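Asker: First the structure, which I've put down as structure tokens, then a few questions once you've had a look.
The values are calculated or read from the model by the stated rules, or taken from the named source; none is laboratory data. Predicted model, so just to flag it, every value in this text is computed and none were measured. All Cβ positions, even for glycine, are placed from backbone atoms using ideal geometry, and neighbour counts span all protein chains on display. To get the accessible areas, we keep the full protein, side chains included, count just its heavy atoms, and leave off ligands, DNA and RNA. Shrake-Rupley method; radii C 1.70, N 1.55, O 1.52, S 1.80 Å.
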Amino acid sequence: MNILVLNGPNLNMLGVREPEIYGSNTYEDLEQYIQDIAEELKLNVDIKQSNLEGILIDILHYAQDHYDGIILNGGAYTHYSYAILDAIKSISVPVIEVHLSDTTKREKFRRRSVIRPACLTTIQGHGFKSYKLALERFKQKGELTHDS
Ligand code: DQA
């Protein structure tokens, strides 16, 4: 199973940005964490990050023929990018929305995810572990698909 982890704007600033919310581990630590879990679960995982909406959209389109699942942390685009919503809807690869923080317990504008209706599920509020839970979800999904 080939999984793409796609991180949006400002996630490259982990460890520096608002450590009281996002913790003190860096983006490189997150990449290492994800790859360690991927190895345990025997999943092939590519990790990409961009601060630009158009690049995230291009990567989502590219994913159509290259991945079996996408774990997307859209950062702030989550809350207002109808273009990313449309990009998710334009591909058939299942997308799990993830967030490090619990967006339901923060500012009002973060409570709304415009991409959620196009996603399989949302996993948030567990820090790095949100990505682990999403990878496990895809692993289970893959096993179910193979059994049927
Ligand atoms: C975030 C939550 C978003 O509201 C915020 O804009 C981010 C990070 C998270 O992972 O908690 O950049 O997606």
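Asker: If N10 passes every condition in (1) open to solvent by 70 Å² or more (accessible area, probe 1.4 Å); (2) on the phi < 0 side of the Ramachandran plot but one, which one does it miss?
Answerer: Answer for N10: the failing condition is (2).
Asker: Do you know which residues across region 49-69 are open to solvent by 30 Å² or more (accessible area, probe 1.4 Å), of a type outside the set (A, V, I, L, M) and more than 15 Å from I96 (Cα to Cα)?
Answerer: Q49, N51, E53, G54, D58, H61, Y62, D65, H66
Asker: Suppose the filter is under 18 Å from Q124 (Cβ atoms), surrounded by 16 or more Cβ atoms within 10 Å (Cβ to Cβ) and in contact with a Lys or Arg (Cβ under 8 Å, 6 or more places away or on another chain); does L72 pass it?
Answerer: It is false that L72 is under 18 Å from Q124 (Cβ atoms), surrounded by 16 or more Cβ atoms within 10 Å (Cβ to Cβ) and in contact with a Lys or Arg (Cβ under 8 Å, 6 or more places away or on another chain).
Asker: What's the number of the condition I123 fails, among (1) touching a strand residue (DSSP E or B) at 6+ places or on another chain (Cβ under 9 Å); (2) on the phi > 0 side of the Ramachandran plot?
Answerer: Of (1) touching a strand residue (DSSP E or B) at 6+ places or on another chain (Cβ under 9 Å); (2) on the phi > 0 side of the Ramachandran plot, only one is false for I123: (2).
Asker: Next question. Just need a number here: residues in region 85-132 that are in a helix (DSSP H, G or I), within 12 Å of the ligand (Cβ to nearest atom) and surrounded by 20 or more Cβ atoms within 10 Å (Cβ to Cβ).
Answerer: The qualifying residues number 2.
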